[in-house]
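The values are calculated or read from the model by the stated rules, or taken from the named source; none is laboratory data. Small disclaimer: the values here were computed from a predicted structure and weren't measured. Cβ coordinates were reconstructed from backbone atoms using ideal geometry, including for glycine residues, and neighbour counts include every protein chain displayed.
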Amino acid sequence: MSPAANPQGRLRPATQDDVDSIVALVNRAFVVERFFKDGDRTNPKQIREMMDEGTFLLLSSDERLLACIYVKLNGERAYLGVLAVDPAKQRAGLGRRMMHEGENYAQACGCRFADIRIVNLRTKNLLLARGLGYVESGRESADVIPNLKQPVHFVRMSKML
């Protein structure tokens, strides 16, 4: 994937040199989850492990990371997750753009379906996903989330690409 220029920034796949920037962006963007969990959303070790199994697509402008999305390919299905937008740039359409970029990347790699999962308490995100054409496809335990303050679960959602 070659870097793509756009008035809203340049899109490119992440490298190991981007790990610290991804961690910082994700933790800033996910601070809104502090009402149901304590602590940061991620750390360098977790991001490196994810990069071993998938790809982070990054959107940057003037060397500043604006947004990212993680794409993990699995046959004709792709998992899209860790969508993060710099809080100063939220509500500017970057989240929607990154979802489309993730879907396009997956489709170019031969995937026919995209899967996401959203914490049930993030009701705005559930509505946004529905607006992007995702439909609920199940429920998953959220026991992978450390330091929960209250019970939560993941809502699985899928979309044909």
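Residues of region 83-105 being without any contact (Cβ under 8 Å) to a residue 60 or more places away in the chain, assigned to a helix (DSSP H, G or I) and under 12 Å from the mean Cα position of the chain (by Cα), which ones? Listed by number, the residues that qualify are 95, 96, 98, 99, 100, 102, 103.
The set of residues from region 135-161 being farther than 23 Å from residue 96 by Cα, surrounded by 12 or more Cβ atoms within 10 Å (Cβ to Cβ) and in contact (Cβ under 8 Å) with a residue 24 or more places away in the chain comprises 145, 148, 152, 153. Go through (1) in a helix (DSSP H, G or I); (2) at pLDDT 95 or above for residue 11 and report which single condition fails. The one condition residue 11 does not meet is (1). Reported count of residues in region 68-82, each being in a strand (DSSP E or B) and among the small types (Gly, Ala, Ser), is 2. Out of 10, 64, 28, one residue alone is of a type in the set (Lys, Arg) and free of Cβ contacts under 8 Å to residues at least 24 places away in the same chain. It is 64. Does residue 76 satisfy the condition of being more than 23 Å from residue 9 (Cα to Cα) and out of contact with any helix residue (DSSP H, G or I) (no Cβ under 9 Å at 6 or more places or on another chain)? When the stated conditions are applied, residue 76 passes them. Looking across region 28-53 at every residue that is closer than 16 Å to residue 121 by Cα and acidic (Asp, Glu), the one that is surrounded by the fewest Cβ atoms within 10 Å (Cβ to Cβ) is identified as 38.
When you check residue 101 against the structure, is it of a type in the set (D, E, K, R) and crowded, with 18+ Cβ neighbours inside 10 Å, yes or no?
Considered against the rule, which asks whether it is of a type in the set (D, E, K, R) and crowded, with 18+ Cβ neighbours inside 10 Å, residue 101 comes out as yes.
Would you say residue 132 is surrounded by fewer than 17 Cβ atoms within 10 Å (Cβ to Cβ), at pLDDT below 95 and aliphatic (A, V, I, L, M)? No. Taking region 106-133 as the range and being farther than 21 Å from residue 41 by Cβ and assigned to a loop (DSSP other than H, G, I, E, B) as the test, the residues that pass are 109, 110, 111, 112, 132, 133. Note on region 32-67: residues that are modelled with pLDDT of 95 or more, in a helix (DSSP H, G or I) and of a type in the set (A, V, I, L, M) amount to 3. Restricting region 15-29 to residues that are among the β-branched types (Val, Ile, Thr) and either at pLDDT below 95 or assigned to a helix (DSSP H, G or I) (or both) leaves a set whose member that is farthest from residue 49 (Cα to Cα) is 26.
Given the structure, is residue 76 touching a strand residue (DSSP E or B) at 6+ places or on another chain (Cβ under 8 Å), surrounded by fewer than 14 Cβ atoms within 10 Å (Cβ to Cβ) and acidic (Asp, Glu)? In short, yes. The number of residues in region 85-111 that are modelled with pLDDT of 95 or more, within 19 Å of residue 131 (Cα to Cα) and charged (D, E, K, R) comes to 4.
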